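The values are calculated or read from the model by the stated rules, or taken from the named source; none is laboratory data. This structure is a prediction, so every number in the text was calculated from the model and none was measured. Cβ sites come from the backbone with ideal geometry, for glycine too, and all protein chains shown count toward neighbours. Ligands, DNA and RNA are stripped out before the accessible areas are found, and what is left, the full protein with its side chains, is counted by its heavy atoms. Shrake-Rupley method; radii C 1.70, N 1.55, O 1.52, S 1.80 Å.
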Amino acid sequence: MNAARKLRPKRAVAKPRGAAKGGATVQPLFQPNMLVANADIASSTLTRIRHDHSVISETRYLNCLFSETNFEGSSFQGCGFDGCVVENASLRGVELRNCDVEGLVIDGINVGELLKQLTGR
């Protein structure tokens, strides 16, 4: 091998997003069209995640921040969101059924207290 070639620096090659060392691709934890069951996710920040059209069952989110996360068309069954914050989100068409809303606050309004006053429960 000649000396000029030996001393020439290697060109930097940009790795695609999600690439790991050795060329292996690491898939994001959350993706669209997933089934998530019996998971415990605590003290996490989920920002700009696409998790749309997923089924989430018996999963507990504890003290998590959801910021600009897309759950469009997803369903949650038997899940807990204790201590979580959802910000910069669209909640159009969201329906809550048989949910404990004690302490639920939307834009500074304690919805849990309001519902208690309206329904007497």
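Quick notes
- Count Lys and Arg as plus one, Asp and Glu as minus one, and take only other residues whose Cβ is under 14 Å from that of Val36; the net charge is then -1.
- Förster radius 35 Å - calculated FRET efficiency between Arg121 and Ala42 (Cβ-Cβ, nearest 0.05): 0.70
- When nucleic acids and ligands are ignored and a 1.4 Å probe is applied, Val101 ends up with an accessible area of around 30 Å².
- The protection proxy used here, the mean number of other Cβ atoms lying within 10 Å of each residue, ranks peptides 86-97, 108-119, 64-75 as follows, highest first: 64-75, 108-119, 86-97.
- Note on Asn33 and Val105: with the Förster distance fixed at 30 Å, the Cβ-Cβ geometry gives a FRET efficiency of about 0.45.
- Dipole moment magnitude, nearest 20 debye, the range 26-121 about Cα centre, only Lys, Arg, Asp, Glu C-beta charged: 120 debye
- The calculated FRET efficiency for the pair Gln77 and Leu114, based on their C-beta separation and a Förster distance of 22 Å, comes to about 0.30.
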